Amino acid sequence: MERKNRLVFTRSNDGTKRKFDEAITILEYSIMLVEYFELEEFNNIIAGQLKLILGETKHTRIKREKVTIDHSLIKKINPNPKLYPVKDSIRFSNDGRAELPEELFDYTKQRIDLKIWRKQVIYKAIIGGKLHEITLIGFIKETADKIGGAQAESSLPYKSIISDVHTKEILREIAKGLFKSIGRDYKEHSSKNLSHIIRKIEQSQASE
C-alpha cells in the first residue's frame, strides 16, 4: 500500500514555498466561498490558481530551438510531483447531455508524474461526427483564459464549448484532487478557514 504522501519541498527557497502555500490557501478559500456562499465569481480565482500551480508554462527559443519552460509552482518546490490519476472521463451523449463520474480521480491507485497527469483526457465529445477530446491541462488553461478574462482566442474553438459545461464542478474536483495528492485535508482546512472568517466578523462587530 502506498504511504500517505505529503509534498516534500526540495530545491526550494522560503519565498517559493510561501508562494505555493498562499496559492493553496487561496484555492481553499475560493472553493469554500463558492460552495458555502454561492459566490460564483470565485470560480475565476480557482481556475487561475490551478493554472499557476499546475500548468504555468512559457514557450521560448534556445539556440533557435523551440522549447517549453515549466513555471508551475508545484514543480518549483518539488521537481518530481505526483498526482492521482483520472478515474473516468466525462462523456457526452448525442443529445449533448454530459455524464459526470462520481469521482474524477481514482484515489485507490498510485499517483503518477505531473507530465503524464496533465495529458490525461477528461472530456470526450462527438462534434460534427468527430471525436474531440480535452486533457486536464487543456481544460485548466482554457478555463483560466476564458473565465479569467484573457483576450487570446482559443486555437481550437470547440474547446471553449466543451469547457462551458460543468466547469464549476470540474474545477473544484481538480482542486480537491490536488489537495489529496499533496496530503492536505481540505475539509479540515475549510473548517478552520470558515471559523477564521466568522471570528474576524465577530471581532469587527464587537469593536464598532
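The values are calculated or read from the model by the stated rules, or taken from the named source; none is laboratory data. Bear in mind that the values here come from a model prediction, so they are computed numbers and not experimental data. We place every Cβ from the backbone using ideal geometry, glycine too, and count neighbours over all the protein chains shown. For accessibility, only protein heavy atoms count, side chains too; no ligands or nucleic acids. Shrake-Rupley method; radii C 1.70, N 1.55, O 1.52, S 1.80 Å.
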Checked segment 63-88 for anything loosely packed, with under 10 Cβ neighbours inside 10 Å and either in contact with a strand residue (DSSP E or B) (Cβ under 9 Å, 6 or more places away or on another chain) or closer than 17 Å to Gln120 by Cα (or both); matches are Lys66, Thr68
Within segment 94-117, take every residue that is surrounded by fewer than 15 Cβ atoms within 10 Å (Cβ to Cβ) and under 18 Å from Gly55 (Cα atoms) and give me the one that is modelled with the lowest pLDDT. Lys115
Could you list all residues from segment 42-67 that are charged (D, E, K, R) and within 16 Å of Gly177 (Cα to Cα)? Lys51
Say whether the condition of being at pLDDT 95 or above, in contact with a His (Cβ under 7 Å, 6 or more places away or on another chain) and open to solvent by less than 70 Å² (accessible area, probe 1.4 Å) is met by at least one residue in segment 32-52. no
Open to solvent by 70 Å² or more (accessible area, probe 1.4 Å), more than 16 Å from Glu173 (Cα to Cα), of a type outside the set (Val, Ile, Thr) and assigned to a helix (DSSP H, G or I): does that describe Arg18? yes
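Rundown of residues vs (1) closer than 21 Å to Leu104 by Cα; (2) at pLDDT 90 or above; (3) in contact with a strand residue (DSSP E or B) (Cβ under 9 Å, 6 or more places away or on another chain); (4) surrounded by fewer than 13 Cβ atoms within 10 Å (Cβ to Cβ), yes/no style:
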| position | (1), (2), (3), (4) |
| --- | --- |
| Lys146 | no, no, no, no |
| Ala152 | no, no, no, yes |
| His166 | yes, no, yes, no |
| Leu178 | yes, yes, yes, no |
| Ile182 | yes, yes, yes, no |
| Asn193 | no, yes, no, no |
| Ile197 | no, yes, no, no |
| Lys200 | no, yes, no, yes |
| Ala206 | no, no, no, yes |
